[in-house]
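**Q** Starting off with a structure, shown below.
The values are calculated or read from the model by the stated rules, or taken from the named source; none is laboratory data. All of these numbers come straight from a predicted model, not from anything done at the bench. All Cβ positions, even for glycine, are placed from backbone atoms using ideal geometry, and neighbour counts span all protein chains on display.
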Amino acid sequence: MVVPASAAFDPLAPPCPKCKVPLAGIGDKGEGVCGACATALEFVLFPARHRAKPVVKAVRSLDGDATCFFHAQNQAVAACDGCGRYVCAVCELPGEDGRKLCPPCVSAGRKKVVGKIDEIVAYDVMASTLALLPLLAWPVTLITAPVALGLAIYGWKKPRSLVRPGSTRFIVAIVVSSLVICGWAGVGIAIWLEK
Amino acid sequence: MARKPKIYQKLVGRRGGAGTYFSLWLASDHVLQVDANMMTESYQRVWLRDVQGFFVRPSREARWATGIGLGLLALFVGLALVVGEAAAVVLRVFAGLSVIVLLYGLFFARSCHFHVVTAVRRTEWINVSRRRKAYKLIARLEPLIREAQRAEADSFATAAQRSTVDQPIASGGTQETSVAT
């Protein structure tokens, strides 16, 4: 089955993953070849591709109307539950628990909610790697062990991995680096006593 | 203290190059793509209600690796049969390395590219590198996505009533109009 490349742009047609040409007139499941780039494809499509999201348009403000804080020409339809600013229909965004928020409040809220973060520093991975890997070249542990211990203590309270939030790596790093530090301390004491 | 319930279940993992690791995790309403290295973890969410489709297209890497592995194996085995004993030992070692290449091509090399399409983004899940893995993933996600989008369709029927149309500025408003005389 050859999937034809759309002659006219169809915004609802999914694009070929290789050449990005919209693939119109295909079913929900099957195999085919893109008519534009001849790439063999297997696909499964879902109802979301038929769904055009309703476009919310703002209403022009008239004399005496309250206006949007961000768009002075638009009529305000709500007050932001976060900061109290008036917002138009375009700026009115759904927040948690049915609240209505303006775009800056939504953006600020995302940074506070741990589940919404996009990137974290993996202190546990760094600490455990610094504690274990240098054991292969043990003289380096004189420097890396204290650094690993410091990272483990510093990173203990920081946001953790969303998928591996446990403390195992931290505990391993703390235990191993503590033992190494104690070992070096013992070596130092032994050298000092010999003198 | 009660343990926190696990939010994410692991779907697919694949080790990238030089300390990087890519994995996919499933939550109740989205799939989380995790790109991890030694220092950071970054996340991309694909909401089940937004997924328009999955595309699987073939990759030649597995075929090339298998072909090269088979070719080298045949070459070294063939040579080992005709040369002397001393050289045959060396050739057997190379034949063993060819088997490794062959096994890589058969079981580990990339045989497909897996793409996820939403309304605003097209993403390739590079961790899904084998066809069997891709089919298993689709089989697992398809019912969840259809269920999520069925629920979403109901809520859109309500949301569609909220959409408004631009109204013209009423006559007698602040805008001056010129009148032809």
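**Q** Taking the residues in the stretch B:95-131 that are touching a residue at least 24 places away in the same chain (Cβ under 8 Å) and aromatic (F, W, Y) as candidates, determine which candidate is nearest to A:E42 (Cα to Cα).
**A** B:F114
**Q** Which condition breaks for A:P165 when tested against (1) within 30 Å of B:V46 (Cα to Cα); (2) in a helix (DSSP H, G or I)?
**A** (2)
**Q** Test A:A89 against the stated conditions and say whether it is touching a residue at least 24 places away in the same chain (Cβ under 8 Å), crowded, with 16+ Cβ neighbours inside 10 Å, aliphatic (A, V, I, L, M) and in contact with a Leu (Cβ under 6 Å, 6 or more places away or on another chain).
**A** So A:A89 does not fit the description; no.
**Q** Now for a separate question. Among the residues that make up the stretch B:62-84, is at least one of them facing chain A (nearest Cβ under 9 Å) and not charged (D, E, K, R)?
**A** Within the stretch B:62-84 (the criterion being facing chain A (nearest Cβ under 9 Å) and not charged (D, E, K, R)), the answer is no, since none of the residues qualifies.
**Q** Given the conditions (1) buried (at least 17 other Cβ atoms within 10 Å of the Cβ); (2) in a loop (DSSP other than H, G, I, E, B); (3) among the aliphatic types (A, V, I, L, M), and given that A:V56 satisfies all but one, which numbered condition is not satisfied?
**A** (1)
**Q** How about the stretch A:24-51: which of its residues are among the hydrophobic types (A, V, I, L, M, F, W, C), buried (at least 17 other Cβ atoms within 10 Å of the Cβ), within 9 Å of chain B (Cβ to nearest Cβ) and without any contact (Cβ under 8 Å) to a residue 24 or more places away in the chain?
**A** Residues satisfying the conditions are A:V44, A:F46, A:A48.
**Q** Count, please, the residues in the stretch B:114-166 that happen to be within 22 Å of A:V21 (Cβ to Cβ), more than 9 Å from every other protein chain (Cβ to nearest Cβ) and modelled with pLDDT under 90.
**A** Number of matching residues: 3.
**Q** Being over 30 Å from B:R150 (Cβ atoms) and assigned to a loop (DSSP other than H, G, I, E, B) is the filter; apply it to the stretch B:5-35 and report the residue that is farthest from the other protein chains (Cβ to nearest Cβ).
**A** The extreme case among them is B:G17.
**Q** Would you please name the residue that is farthest from the other protein chains (Cβ to nearest Cβ), looking only at residues in the stretch B:85-113 that are β-branched (V, I, T) and within 30 Å of B:P58 (Cβ to Cβ)?
**A** B:V99
**Q** Could we say that A:V106 is surrounded by 11 or more Cβ atoms within 10 Å (Cβ to Cβ) and not assigned by TED's automatic domain parsing to the domain that holds A:V59 here?
**A** no
Residue-wise test of (1) in contact (Cβ under 8 Å) with a residue 60 or more places away in the chain; (2) more than 30 Å from A:H50 (Cβ to Cβ); (3) assigned by TED's automatic domain parsing to the domain that holds B:I126.
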site: B:G13; (1), (2), (3): yes, yes, yes
site: B:L26; (1), (2), (3): yes, no, yes
site: B:M38; (1), (2), (3): no, yes, yes
site: B:L70; (1), (2), (3): no, yes, no
site: B:A88; (1), (2), (3): no, yes, no
site: B:V93; (1), (2), (3): no, yes, no
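**Q** Looking at B:V77, B:V101 in this structure, which one is in a helix (DSSP H, G or I), over 21 Å from B:S129 (Cα atoms), β-branched (V, I, T) and not assigned by TED's automatic domain parsing to the domain that holds B:R130?
**A** When all the criteria are applied, what remains is B:V77.
**Q** Need pairs with beta-carbon distance below 8 Å; first residue within 24 Å of B:D35 (Cα to Cα) and within the stretch A:143-172, second among the hydroxyl-bearing types (S, T, Y) and part of a loop (DSSP other than H, G, I, E, B); sequence gap 6+ or separate chains.
**A** A:W156/A:S167; A:L162/B:Y8; A:V163/B:Y8
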